[in-house]
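The values are calculated or read from the model by the stated rules, or taken from the named source; none is laboratory data. Small disclaimer: the values here were computed from a predicted structure and weren't measured. Cβ coordinates were reconstructed from backbone atoms using ideal geometry, including for glycine residues, and neighbour counts include every protein chain displayed. Quick note on the areas: whole protein, heavy atoms, side chains included, nothing else; ligands and nucleic acids left out. Shrake-Rupley method; radii C 1.70, N 1.55, O 1.52, S 1.80 Å.
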Amino acid sequence: MAVPAPSTRIAIERLDAFFGVVHAVRGVSVDLTDRTVTAVIGPSGCGKSTFLRCLNRMHETVPGARVNGRVILDGHDIYGSGISPVAVRRQVGMVFQRPTPFPTMSIRDNVAAGLAVLDRRPNARQTDEIVERALRRAALWDEVRDRLKTSATGLSGGQQQRLCIARALATDPEVLLLDEPTASLDPISTQKVEELIYELRTDVTVIIVTHNMQQAARVSDRTAFFLGGELIEVAPTEKMFTSPSDERTESYITGRFG
């Protein structure tokens, strides 16, 4: 039996992003496939993180920032008239470079804080069930189940980052954006987060920005290379790292610049 071709989860059409007069992302068009991990690589300042923030309307929260183009999620342009940014972020979760647990909240309440974007807040029993499911999906439940009411600041850096992933997963997003999620972690914590990313592809579309090309090779199905705000090429990860189509991609991957 033939395996069905993967479907597109996000279609990006002629995307431009600006910080005032600075043109940070330039005319990017690309389809992001459902239930796969796409790694976004490129040198510092090439527009990777800005591109990522455009996918859940975080870019526009910066004063003077603006976006042109279309980002089609499940048939709807997230920048279309009448589309709520909060509703977009319910479907497209995001985790940042440094773990950002709320220091005054317990582990449970940190995860439950992600539910604030829901139109209808669950009751206490439902919240406990959602918290447990999110922590299990983030591979953290067994480590914290007996101390859910303690401060999240007592967790290690790697645990805090998985907690932030659990918080993002609490709303059952269709897409998870990860911006350098292991940059501040030790090797063991990095391995745990990478294993989690690999597992999440079974039911979530993941886009990860990373400077670590070995990490991109380990966790992603497809890789996109950015340079100077432009998408130079996107390809299956194995092909990207063995036979890229563009000489600039090859130069970056082989370490001749960047």
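Data table
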| quantity | calculated |
| --- | --- |
| Any hit, region 209-220, residues being assigned to a strand (DSSP E or B), open to solvent by less than 50 Å² (accessible area, probe 1.4 Å) and not polar (S, T, N, Q) | yes |
| In region 50-87, residue least open to solvent (accessible area, probe 1.4 Å) [restricted to those that are outside any loop (DSSP other than H, G, I, E, B) and among the polar types (S, T, N, Q)] | THR50 |
| Residue under evaluation LEU118, criteria (1) over 23 Å from THR182 (Cα atoms); (2) at pLDDT below 90; (3) open to solvent by 60 Å² or more (accessible area, probe 1.4 Å), criterion not met | (3) |
| Residue in region 28-49 that is surrounded by the fewest Cβ atoms within 10 Å (Cβ to Cβ), counting only those that are hydroxyl-bearing (Ser, Thr, Tyr) and part of a loop (DSSP other than H, G, I, E, B) | SER44 |
| Residue count, region 185-216 (criterion: in contact with a strand residue (DSSP E or B) (Cβ under 8 Å, 6 or more places away or on another chain) and more than 13 Å from ALA138 (Cα to Cα)) | 10 |
| Tally of residues being under 22 Å from the mean Cα position of the chain (by Cα), in a helix (DSSP H, G or I) and free of Cβ contacts under 8 Å to residues at least 60 places away in the same chain across region 110-138 | 15 |
| Residue within region 247-255 that is of a type in the set (Lys, Arg), part of a loop (DSSP other than H, G, I, E, B), open to solvent by 60 Å² or more (accessible area, probe 1.4 Å) and farther than 14 Å from THR36 by Cβ present | no |
| Residue within region 13-24 that is farther than 23 Å from ILE253 by Cβ, in a helix (DSSP H, G or I), open to solvent by 30 Å² or more (accessible area, probe 1.4 Å) and in contact with a helix residue (DSSP H, G or I) (Cβ under 9 Å, 6 or more places away or on another chain) present | no |
| Number of positions in region 210-241 that are among the hydroxyl-bearing types (Ser, Thr, Tyr) and at pLDDT below 95 | 0 |
| Residue within region 179-202 that is modelled with pLDDT of 95 or more, open to solvent by less than 30 Å² (accessible area, probe 1.4 Å), within 20 Å of ARG26 (Cβ to Cβ) and in contact with a helix residue (DSSP H, G or I) (Cβ under 7 Å, 6 or more places away or on another chain) present | yes |
